[in-house]
1. On a 19 Å Cα-Cα criterion, which of the cross-link pairs LYS16/LYS153; LYS83/LYS104; LYS108/LYS158 come out too long?
2. Out of the total accessible area of segment 1-58 (probe 1.4 Å, heavy atoms of protein only), what percent is carbon and sulfur?
3. Just to be sure I understand: of the beta bridges DSSP finds with both ends in segment 1-126, what percent are antiparallel, rounded to 5?
4. Quick one: Cα centre-to-centre distance for segment 1-78 and segment 88-120, in angstrom?
5. Accessible area per residue for the chain in Å², computed with a 1.4 Å probe and the full protein assembly in place, what is it?
6. What relative contact order, as a whole-number percentage, does the chain give when Cα pairs under 8 Å and 6 or more residues apart are counted?
7. Reported to two decimal places, what Rg/Rh ratio describes segment 3-70 when computed on Cα atoms with Rh from the Kirkwood expression?
8. Specify, per residue and in Å³, the volume enclosed by the convex hull of the alpha carbon atoms belonging to the chain.
Amino acid sequence: MSLRTILTFPNPILRKKAEKISNFDDSLQTLATDMIETMYDAPGVGLAAPQIGESIQMIVVNAAQDEDGQESLVMINPEITEKEGTQVDDEGCLSVLDLTASVKRSKKITVCYQDITGEKQEISVEDHFAVVLQHEIDHLHGILFIDHLSTLKRALYKKKIKKMLAAEK
Ligand code: NI
């Protein structure tokens with residue numbers, strides 16, 4: 001197991017559409033383990049493979065009900081097949097530094113995916129967990145939560161990051 005570096009905006013890998021996974025081998029298992037370790041270390045409630053520079057369709061999430069619990073779920077090639085209702089929740093992202101903002105998402109979703117052995121699975125979730133899954137699945141399509149904000153808010157954030165990066169030089 002090893003901790004991986006989390007890429008941050010505006011790294012172009014975060015904007016790529018991730019490739020579907022068809023090879024369920026040992027290296028995939030190792031990558032999943034690294035992602036889980038990196039997620040808990042951050043700490044975060046979810047992590048998508050592109051965030052550590054692997055442009056493939058895998059996400060890991062903490063599915064524990066209680067706040068301090070750890071129950072890792074690995075989802076490969078996830079696809080939202082049903083959506084219902086709306087909710088607005090505050091979101092942040094390990095790849096989007098210094099920003100939390102409220103985002104409108106579906107209240108309830110059904111997701112089809114494959115587990116680490118390649119077995120097909122389906123899960124229906126709602127509320128906060130549905131937000132986490134929608135956020136992580138977005139990453140596989142090159143979408144960040146700032147893309148759901150108003151043009152003005154997004155522009156302000158880009159300006160702030162530009163300044164931050166310039167100050168580092
Ligand atoms: Ni994120």
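The values are calculated or read from the model by the stated rules, or taken from the named source; none is laboratory data. Keep in mind the model is a prediction, meaning the values are calculated, not measured. To get the accessible areas, we keep the full protein, side chains included, count just its heavy atoms, and leave off ligands, DNA and RNA. Shrake-Rupley method; radii C 1.70, N 1.55, O 1.52, S 1.80 Å.
1. On the way: LYS16/LYS153 22 Å; LYS83/LYS104 13 Å; LYS108/LYS158 31 Å.
From the list (LYS16/LYS153; LYS83/LYS104; LYS108/LYS158), the Cα-Cα distance tops 19 Å for LYS16/LYS153; LYS108/LYS158.
2. On the way: 1520 of 2990 Å².
Heavy-atom surface of segment 1-58 belonging to carbon and sulfur, 1.4 Å probe: 51 percent.
3. Close to 95 percent.
4. 12 Å
5. Details: 9420 Å² over 169 residues.
Ligands and nucleic acids excluded, the result is 56 Å² per residue.
6. Working: 300 pairs, mean separation 38.2, N = 169.
Worked out over the chain, it gives 23 percent.
7. 0.98
8. On the way: hull volume 19.8 nm³, N = 169.
Per residue, the Cα convex hull of the chain comes to 117 Å³.
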